[in-house]
Every structure is written in structure tokens, then in C-alpha cells.
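Right, one structure below, let's go through it.
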């Protein structure tokens, strides 16, 4: 009888413990090769990656799924800028840069960024990308 209760207890406890899901990253980039590079780097680090090639497509994804842990957006996109994307998503309540690590990638030397957004200069270095994301995520936890 003890064995059957013990097995029942183990099954009950294990059914209550859910595995932690992989963090989700949204990558917004209109250059296919750069998009694929960033997506591959993040997938190799265990992220579930959603990809968009425009502001409109990224907004559609954010409106549908707000559980995004990281946003990596190109500054200059075909239908706007990464900054415009962040402002629009924030205004609609789909993105909070105080909570979600948010990065803008750009080849420009200087761009005006929304608050709590990190800049990452192109060309993208895999180590630099991961370090910038880690720092941004750590700031979100502290702030």
C-alpha cells in the first residue's frame, strides 16, 4: 500500500511541475540574410524565434502574442523604423520596454532611441548580440 501511495504522490507532483518554456524572441529585419543570422544565433541559445520583415508584420505578431521576452529590430525597415514599431506597440499596450529586453540594430552611428532600448551596431557579431541581450534582460530584472 505504501508503494502505491508513493507512486501516486510522485505522479501527482510531477503533473504539477511544468517545464519552463523557452524564452521567445521577436526578430524584425528586412534583410533576409541578417534575419536568418540573428534567428539562428538566438535559436542556438534556446530561444523560440518569431520573425517579421516589416513594422506591420511585427505589430501583427505582437498583437497576437504578447509573451515576447526579447525584441531585436532593425532601425530602418521597408515600412518604417524599429523606433516607430516600438512606439506603436508600446502605445497599444503590446510591448513594455521596462519589462521586455528591446534592441535596435543599425549601421547608423546615432539614432534616437525610445527609453530603455539598447542600440546594437551592425555588422552583427554573435557574441555582441548575446551580450547585449543578456545585459538588457538583466536591466529589466533589476529595474
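Listing for the model above:
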item: Residue under evaluation residue 129, criteria (1) at pLDDT 95 or above; (2) more than 21 Å from residue 24 (Cβ to Cβ); (3) crowded, with 16+ Cβ neighbours inside 10 Å, criterion not met; result: (2)
item: Of all residues in region 93-109 being in a loop (DSSP other than H, G, I, E, B) and within 23 Å of residue 33 (Cα to Cα), the one that is modelled with the lowest pLDDT; result: 109
item: Top-ranked residue in region 64-75 [being more than 11 Å from the chain's Cα centre (by Cα) and surrounded by 17 or more Cβ atoms within 10 Å (Cβ to Cβ); ranked as nearest to residue 34 (Cα to Cα)]; result: 74
item: Checklist (1) in contact with a strand residue (DSSP E or B) (Cβ under 7 Å, 6 or more places away or on another chain); (2) in contact (Cβ under 8 Å) with a residue 40 or more places away in the chain; (3) part of a loop (DSSP other than H, G, I, E, B); (4) farther than 21 Å from residue 21 by Cβ applied to residue 113, failing item; result: (2)
item: Residue in region 64-79 that is part of a helix (DSSP H, G or I) and in contact with a helix residue (DSSP H, G or I) (Cβ under 9 Å, 6 or more places away or on another chain) present; result: no
item: Count of region 4-33 residues which are in a helix (DSSP H, G or I), modelled with pLDDT of 50 or more and either more than 30 Å from residue 85 (Cβ to Cβ) or under 16 Å from the mean Cα position of the chain (by Cα) (or both); result: 0
item: Residue identified as outside any loop (DSSP other than H, G, I, E, B), free of Cβ contacts under 8 Å to residues at least 60 places away in the same chain, touching a helix residue (DSSP H, G or I) at 6+ places or on another chain (Cβ under 9 Å) and surrounded by fewer than 17 Cβ atoms within 10 Å (Cβ to Cβ) among 84, 36; result: 84
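The values are calculated or read from the model by the stated rules, or taken from the named source; none is laboratory data. Just so we're clear, the structure is a prediction, and the values are computed from it rather than from any experiment. FYI the Cβ positions are ideal-geometry reconstructions off the backbone, even for glycines, and counts take in every protein chain you see.
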